[in-house]
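Asker: The following block contains the structure, expressed as structure tokens.
The values are calculated or read from the model by the stated rules, or taken from the named source; none is laboratory data. Predicted model only: the values in this text are computed from it and were never measured. Because the Cβ atoms are built from the backbone with ideal geometry, glycine has one as well, and the counts that use them run over all protein chains shown. Areas reflect the complete protein model, heavy atoms only, side chains present, ligands, DNA and RNA absent. Shrake-Rupley method; radii C 1.70, N 1.55, O 1.52, S 1.80 Å.
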Amino acid sequence: MNEPNVLEMPSQPVAPEVPASLAGAESTTPSAEAAATPPVKEGSPENSGLDYPLDWTKTNVALHGGCVATVRRPTADEILEREAEMQVEVPMGKDGGFVIPDPTLNDEIDAKLFDLIKIDVTGFKGTMMEQHKAEALKGLLQREVYVDEDFELDHETVPVLEEIGNGAEPDFTVLHNMRPPTESELKMYRRKSANGEIKPGKRGRQKFVSRSNLKTAMSFYALWLVNITGATVEGKAWTEEDRAVFIAHVDPLVQRHVVNAVVEAYTVKLSD
């Protein structure tokens, strides 16, 4: 398999202006259910039926107590840097065991990225705590991604749904149509997606070094993607000519969610 070089993929750009579909909406304060989505056209009470603007530039994120943070779109490079900083080295005991680090230790990393993309915070009194910043970033990045329940192995494409929004019903639904992976591709992805490896440490003891598979997932996303529906870039729907542009606007974390959903679906179907 000729794996695409993700390092040559264009960085996720930030559109210089708000897309036409969002014009006049920047002053709209969203409900908690719409906290992690770009603002919609002013006067539209519901997002149902609208395409998701992949090239959104800024949005509002609801915080505790009715506070609202306005943030810009994080770039792909910033997401990749965050991922790299989350990797850890854990000393192993004489018995070969090790303790998984407390996941809240990543709050400092998320808070740093929040400070980088923050435009404004309203309704917040006093100093914004690291935990609140981390929760705001997680809310921005939150997605529900899964393979359509009607998918079967003999289908020509694998439909992966990305639901955006925290309400009972999603504010937006983006469909990532993926081609079926080959058996060798599935094996390669699993092998390259190992959580980490054991390396020699100090005083003869070993250490577990975690490893990110984000760049690997981005490579396979570009390899398997057929098209995207329910989303736009510069107000335009997917065309094959704009393939690279659309891929560059899909958040790296979403790309990994989509690829993992495909791999998991095949793993379940093949084991039935």
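Asker: Residue 133 versus (1) touching a helix residue (DSSP H, G or I) at 6+ places or on another chain (Cβ under 6 Å); (2) modelled with pLDDT under 90; (3) open to solvent by 30 Å² or more (accessible area, probe 1.4 Å); (4) not aromatic (Phe, Trp, Tyr): which is the lone unmet condition?
Answerer: (2)
Asker: Separate question: Considering only residues that are part of a helix (DSSP H, G or I) and modelled with pLDDT of 95 or more, look in the stretch 114-130 and name the one that is surrounded by the most Cβ atoms within 10 Å (Cβ to Cβ). Talk me through it step by step, then tell me what you get.
Answerer: Filtering the stretch 114-130 down to residues part of a helix (DSSP H, G or I) leaves 114-117, 130.
Within this subset, residues satisfying the condition of being modelled with pLDDT of 95 or more are 114-117.
Values: 114: 25, 115: 12, 116: 15, 117: 19.
Going through the qualifying residues, I end up with 114.
Asker: Still on this structure, I have one more. Looking only at the stretch 136-150, count how many residues are open to solvent by less than 70 Å² (accessible area, probe 1.4 Å) and in a helix (DSSP H, G or I). Before you say what the answer is, go through the steps one by one.
Answerer: So in the stretch 136-150, the residues open to solvent by less than 70 Å² (accessible area, probe 1.4 Å) come out as 136-137, 139-141, 143, 145, 147-148.
Filter once more, so that each one left must be in a helix (DSSP H, G or I): 136-137, 139-141.
The number of residues fulfilling the criteria is 5.
Asker: Determine, yes or no, whether residue 169 is under 23 Å from residue 231 (Cα atoms) and at pLDDT below 95.
Answerer: Details: under 23 Å from residue 231 (Cα atoms): yes; at pLDDT below 95: yes.
Answer is yes for this residue.
Asker: Cβ contacts < 8 Å: first residue assigned to a loop (DSSP other than H, G, I, E, B), restricted to the stretch 151-165; second residue hydroxyl-bearing (Ser, Thr, Tyr) and modelled with pLDDT under 95, any location; separation 6+ or different chain. Result?
Answerer: Filtered contacts from the stretch 151-165: 153/266; 165/37.
Asker: Can you tell me how many residues in the stretch 167-185 are of a type in the set (Val, Ile, Thr) and in a helix (DSSP H, G or I)? Explain how you work it out, then say what you get.
Answerer: Within the stretch 167-185, the subset of a type in the set (Val, Ile, Thr) is 173-174, 182.
Still in the list and also in a helix (DSSP H, G or I): none.
Count: 0.
Asker: So, in the stretch 163-182, how many residues would count as being open to solvent by 20 Å² or more (accessible area, probe 1.4 Å) and hydrophobic (A, V, I, L, M, F, W, C)?
Answerer: The qualifying residues number 2.
Asker: While we're on this one: Checking the structure you have, find out if any residue of the stretch 238-248 is within 21 Å of residue 74 (Cα to Cα), outside any strand (DSSP E or B), open to solvent by 40 Å² or more (accessible area, probe 1.4 Å) and hydrophobic (A, V, I, L, M, F, W, C).
Answerer: yes
Asker: If you go through the stretch 62-75 one residue at a time, how many are within 17 Å of residue 251 (Cα to Cα) and open to solvent by less than 40 Å² (accessible area, probe 1.4 Å)? Reasoning before the result, please.
Answerer: Initially, the stretch 62-75 is screened for residues within 17 Å of residue 251 (Cα to Cα), giving 71-75.
Among the residues that remain, those that are also open to solvent by less than 40 Å² (accessible area, probe 1.4 Å) are: 71, 73-75.
So the answer is 4.
Asker: Give all pairs with beta carbons closer than 6 Å in which a residue from the stretch 120-139 that is in contact (Cβ under 8 Å) with a residue 60 or more places away in the chain meets a residue that is assigned to a strand (DSSP E or B) and open to solvent by less than 90 Å² (accessible area, probe 1.4 Å); count only pairs at least 6 apart in sequence or on separate chains.
Answerer: Once the first residue is in contact (Cβ under 8 Å) with a residue 60 or more places away in the chain and sits in the stretch 120-139, its partners that are assigned to a strand (DSSP E or B) and open to solvent by less than 90 Å² (accessible area, probe 1.4 Å) give 136/61; 136/69; 139/61.
Asker: Please indicate, with yes or no, whether at least one residue in the stretch 151-162 is open to solvent by 20 Å² or more (accessible area, probe 1.4 Å) and under 19 Å from the mean Cα position of the chain (by Cα).
Answerer: Here is the first cut: in the stretch 151-162, the residues open to solvent by 20 Å² or more (accessible area, probe 1.4 Å) are 152-157, 159, 161.
Okay, now just the ones that are also under 19 Å from the mean Cα position of the chain (by Cα), so 159, 161.
Among the residues of the stretch 151-162, at least one is open to solvent by 20 Å² or more (accessible area, probe 1.4 Å) and under 19 Å from the mean Cα position of the chain (by Cα), which makes the answer yes.
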